[in-house]
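Accompanying notes for the structure given below.
The values are calculated or read from the model by the stated rules, or taken from the named source; none is laboratory data. Everything quoted here is computed from the prediction, not taken from an experiment. As a convention, Cβ positions derive from the backbone with ideal geometry for all residues, glycine included, and neighbour counts pool all protein chains shown. Ligands, DNA and RNA are stripped out before the accessible areas are found, and what is left, the full protein with its side chains, is counted by its heavy atoms. Shrake-Rupley method; radii C 1.70, N 1.55, O 1.52, S 1.80 Å.
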Amino acid sequence: MADYYETLGVEKNASAAEIKKAFRRLAQKYHPDKAKGDAQKFKEVNSAYRTLSDPEKRRMYDQYGPKFEQAQNKGGFSGFDFNDFASYANAQRESGSQKGFDFGGTGFEDIFENLFGGSVNFNQGRGRSSFAGRDLQIRLLIEFKEAIFGAEKELRFERYVRCPKCQGQGAEPGSKMKTCPTCHGQGQITQSQSTFLGNFRTRKICPECRGQGKISEKKCRYCHGQGRVKEFSKVKIKIPAGVHDQQVIRFHGQGEAGQWGSEAGDLYVIVAIKSDSFFSRQGNNILSQEEISISQAVLGDKIKVRTLYGNVKLKIPPGTSSGQEFRLRGKGVAKQGDQIVKIKIKIPQRLTSSQKKILDKLREEGL
């Protein structure tokens, strides 16, 4: 079992305020509702906080170590504790701000009810029902210039889409509706459960009618009453100009269709950018290299330089050295950055007799 101070990333002499601040930061990072959340780490962070935020428990933990917490945890909820979410909610409430996390109107009572109902629906934290479609993730390889200027792409992949026959309702078109036999038209069902805290009665949405209180007499034959079918479909997306390598772009509602007409999930596209043989990128700046001759470097010249926006003339001043850089304003990413041209002086491998004589003469003159 990991040390609680290490779990929160604080020193053993940390103040209560420091412990609470560390907890809020880590709880938001690992909350299962986050895109990169981790339910197990979220639980560990909360377990550490519940002990170290209580002066008496902290004193006993400092004295006896993890064995103290193990003894207290006997008779829990099979590895998951509703206090995980309670601690998070309370700490956020005390801070006076949700700091980026929206409970979507869900109070602690709703979270408590979900836990006793046998599952935790993390989608409810974002205001999404348990029937909402899954989020999907796709990697997309694009050209270097497409990343600079943006592009439209058509993706083809398999996903759940809304049933074209019943339009997501799950009912055979034209079929009559009847009272749900499971909830008797209430839209909710009540369950009782015995725990070490006593007997609890909880209410949850009826899984048969999804809270509507009515069901159709005939299920849609095409989707078997699910309101969605799995098939390969095409999705057109726009890649914004200036996108970075490994950047994640979210496309709302382009994930899988939800059951029975519920909200669709989102599509997350991870962009990978091909390298270019001539250009490279540094932030919003474009980097390139140009070769010039010895005489151009010494005497100066005007050379043609290739940019992403076409060729331009660059003035090479007399006495330019190898490795010197010149900046072309507004020739960078989406015209927000610049193009930096690095000069390389080309040294000939072979010289003619007349060239050798000229260089010998220059050497005699100290050049």
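Scan the range 234-246 residue by residue and report those that are open to solvent by 50 Å² or more (accessible area, probe 1.4 Å), at negative phi and part of a loop (DSSP other than H, G, I, E, B).
Pro240, Ala241, His244, Asp245
Out of the residues in the range 143-158 that are closer than 18 Å to Val235 by Cβ and touching a strand residue (DSSP E or B) at 6+ places or on another chain (Cβ under 6 Å), which is surrounded by the most Cβ atoms within 10 Å (Cβ to Cβ)?
Here the residue is Ala151.
Residue-wise test of (1) touching a residue at least 12 places away in the same chain (Cβ under 8 Å); (2) exposed (fewer than 14 other Cβ atoms within 10 Å of the Cβ); (3) closer than 21 Å to Ala334 by Cβ.
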| site | (1), (2), (3) |
| --- | --- |
| Phe232 | yes, yes, no |
| Ser277 | no, yes, no |
| Arg281 | yes, no, yes |
| Thr307 | yes, no, yes |
| Asn311 | no, yes, yes |
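Only one of these conditions is not met by Glu256: (1) touching a Phe, Trp or Tyr at 6+ places or on another chain (Cβ under 8 Å); (2) within 22 Å of Lys344 (Cα to Cα). Which number is it?
(2)
If you take the residues of the range 48-67 that are among the hydroxyl-bearing types (Ser, Thr, Tyr) and within 17 Å of Ala17 (Cα to Cα), which of them is most open to solvent (accessible area, probe 1.4 Å)?
Ser53
For the range 18-47: of the residues being of a type in the set (S, T, N, Q) and more than 17 Å from the chain's Cα centre (by Cα), which is surrounded by the most Cβ atoms within 10 Å (Cβ to Cβ)?
Restricting to residues being of a type in the set (S, T, N, Q) and more than 17 Å from the chain's Cα centre (by Cα), the top hit is Asn46.
Would you call Gly185 part of a loop (DSSP other than H, G, I, E, B) and crowded, with 17+ Cβ neighbours inside 10 Å?
Taking the combined requirement at face value, the residue does not satisfy it.
Residue-by-condition table, conditions (1) touching a Gly at 6+ places or on another chain (Cβ under 8 Å); (2) under 22 Å from Leu287 (Cβ atoms):
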| site | (1), (2) |
| --- | --- |
| Gly310 | no, yes |
| Arg329 | no, yes |
| Lys342 | yes, yes |
| Leu359 | no, no |
| Leu362 | no, no |
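Going residue by residue through the range 208-218, is there one that turns out to be buried (at least 19 other Cβ atoms within 10 Å of the Cβ), closer than 13 Å to Gln259 by Cα, modelled with pLDDT of 85 or more and not basic (Lys, Arg)?
no
Among the residues that make up the range 314-331, is at least one of them surrounded by fewer than 14 Cβ atoms within 10 Å (Cβ to Cβ) and hydrophobic (A, V, I, L, M, F, W, C)?
Among the residues of the range 314-331, not one is surrounded by fewer than 14 Cβ atoms within 10 Å (Cβ to Cβ) and hydrophobic (A, V, I, L, M, F, W, C), which makes the answer no.
Within the range 176-230, track down each residue that is out of contact with any Lys or Arg (no Cβ under 8 Å at 6 or more places or on another chain) and among the acidic types (Asp, Glu).
Glu208
Considering only the range 247-263, state which residues are charged (D, E, K, R) and surrounded by fewer than 20 Cβ atoms within 10 Å (Cβ to Cβ).
Arg250, Glu263 - these are the residues of the range 247-263 that are charged (D, E, K, R) and surrounded by fewer than 20 Cβ atoms within 10 Å (Cβ to Cβ).
So Glu6 clears everything in (1) closer than 30 Å to Arg134 by Cβ; (2) open to solvent by 60 Å² or more (accessible area, probe 1.4 Å) except one condition, right? Which one?
Status for Glu6: all satisfied but (1).
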